[in-house]
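These notes concern the structure reproduced below.
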Amino acid sequence: MCCPLISKCDYIGRLEIQPFISNSSNALKLENFPGGSETFETVLKFCYDLPVDFSPDNIAALRCASEFLEMIEELEDGNLISKTEAFLTFVVLSSWKDTITVLKSCENLSSWAENLQIVRRCCDSIAWKASKDDRTSEDAAPNQESWWFNDVATFRIDHFIRIISAIRAKGTRAEIIGKCIIEYAKKWLSGMDVEIEGLRGYGHEKYNLQFSIFSGKKKESSGHNKEQKTIIETLISIIPPQPYAVSYKFMLQLLKMAMMYYVSPALATELEKRVSMVLEDAEEKR
C-alpha cells in the first residue's frame, strides 16, 4: 500500500528517499520548506486523514506548503492546495481581522506568499475595505475616524507600501493616506516625537532650509539604522503630492530623521523642497 504522504504529494513521490548509513530509518530533507516543522506536521495529519483545523494563523503557511509539495487535485480530489485556497478565498478575505492576521503571517514565508499572490490578495482586500470604510461590529468601533490606521501600521514597510499603493489606486483622499503615513511613522521611527532644535534659514530663500540637530541619538545597531533609513526613504517616496496631505510639522520631523540617518540625497532634497514651498506659501498669505 502506498504511503499517504507519497500518494498526496507529487513532490515527495518523485524523491529518492535513501536510508541513513548509520541506521535503517529514512532520511527526508526538505530545503526551505515554508512554515517549518510545525506546518509539515499539520500536512502529515492531513495526509493521514487526521483532523486539521484551518485558521488565519496557519492557512498561509499551509497554502505555501501544499504548493511546495505539489498536493494537486490530479492526485486526489480535495487535496490540500484546493482546500487551503478555498479557505483563503471564501473565509479569510471576507474578514478584515482574518486578512490582517494572514498578511502578518506572510512576513515569515519569503517568496512563496508573493508567488502565490497571497500578499497581493490580502493587500487588495484590506485596501478595498479601508477605502469603502466598511465597518462591522467586529472590525471597528462606530464613529471612529480612520479605524484602519492602527492595523495597517503594524505591518513591515514593504507590505505597508503595498497597502498604501492599493488604497491610493482606489481613489482614497490624499489627506487620509497622509494621516496613515503619519501614524506609521510614529509607530516605527524612534525619535519622531522629539522636538526639532536649531531651526534656521526660515524660508527666506527658495529651498534654503537648514537644521542643526542637537538631540543626542543613541548608538544603535547597524541593522536597526538600516531599517530606520529604509522606512524613512519609503515614507518620503509615498507621501501624496498634494500640499495638504501631511502637516508641515510632520515634514519637518521627517526631514530631521532623514538627516540623522543619511537618507538618499535626492529624497532629502525633494522633502526640503516641499517644506520650503509650504513656508513660501505661508509667507505669501501673510
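The values are calculated or read from the model by the stated rules, or taken from the named source; none is laboratory data. Being a predicted model, the structure only gives us computed values, none of them experimental. Positions of Cβ are backbone-derived with ideal geometry, glycine not excepted, and every protein chain shown enters the neighbour counts.
So is N115 within 25 Å of V91 (Cβ to Cβ) and either modelled with pLDDT of 95 or more or surrounded by fewer than 19 Cβ atoms within 10 Å (Cβ to Cβ) (or both) or not?
Values: within 25 Å of V91 (Cβ to Cβ): yes; either modelled with pLDDT of 95 or more or surrounded by fewer than 19 Cβ atoms within 10 Å (Cβ to Cβ) (or both): yes.
In short, yes.
Are any residues in segment 76-98 crowded, with 16+ Cβ neighbours inside 10 Å and either over 19 Å from the mean Cα position of the chain (by Cα) or free of Cβ contacts under 8 Å to residues at least 24 places away in the same chain (or both), and if so, which ones?
Those that are crowded, with 16+ Cβ neighbours inside 10 Å and either over 19 Å from the mean Cα position of the chain (by Cα) or free of Cβ contacts under 8 Å to residues at least 24 places away in the same chain (or both): N79, L80, I81, K83, T84, E85, F87.
One residue is enough: does segment 61-76 have a residue meeting the conditions more than 22 Å from L15 (Cβ to Cβ) and either assigned to a helix (DSSP H, G or I) or at pLDDT 95 or above (or both)? Walk me through it before giving the result.
Of all residues in segment 61-76, those more than 22 Å from L15 (Cβ to Cβ) come to none.
No, because not a single residue in segment 61-76 is more than 22 Å from L15 (Cβ to Cβ) and either assigned to a helix (DSSP H, G or I) or at pLDDT 95 or above (or both).
Residue by residue, here is whether (1) modelled with pLDDT of 90 or more; (2) among the aliphatic types (A, V, I, L, M) holds:
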{"site": "I176", "(1), (2)": "yes, yes"}
{"site": "K187", "(1), (2)": "yes, no"}
{"site": "T234", "(1), (2)": "yes, no"}
{"site": "Q242", "(1), (2)": "no, no"}
{"site": "Q253", "(1), (2)": "yes, no"}
{"site": "V263", "(1), (2)": "yes, yes"}
{"site": "E280", "(1), (2)": "no, no"}
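Can you tell me how many residues in segment 36-57 are in a loop (DSSP other than H, G, I, E, B), touching a Ser or Thr at 6+ places or on another chain (Cβ under 8 Å) and in contact (Cβ under 8 Å) with a residue 24 or more places away in the chain?
Keep residues of segment 36-57 that are in a loop (DSSP other than H, G, I, E, B), which gives 48-57.
This time we only want the ones that are touching a Ser or Thr at 6+ places or on another chain (Cβ under 8 Å), so: 52, 54, 56-57.
Narrowing further to those that are in contact (Cβ under 8 Å) with a residue 24 or more places away in the chain: 54, 56-57.
Number satisfying all stated conditions: 3.
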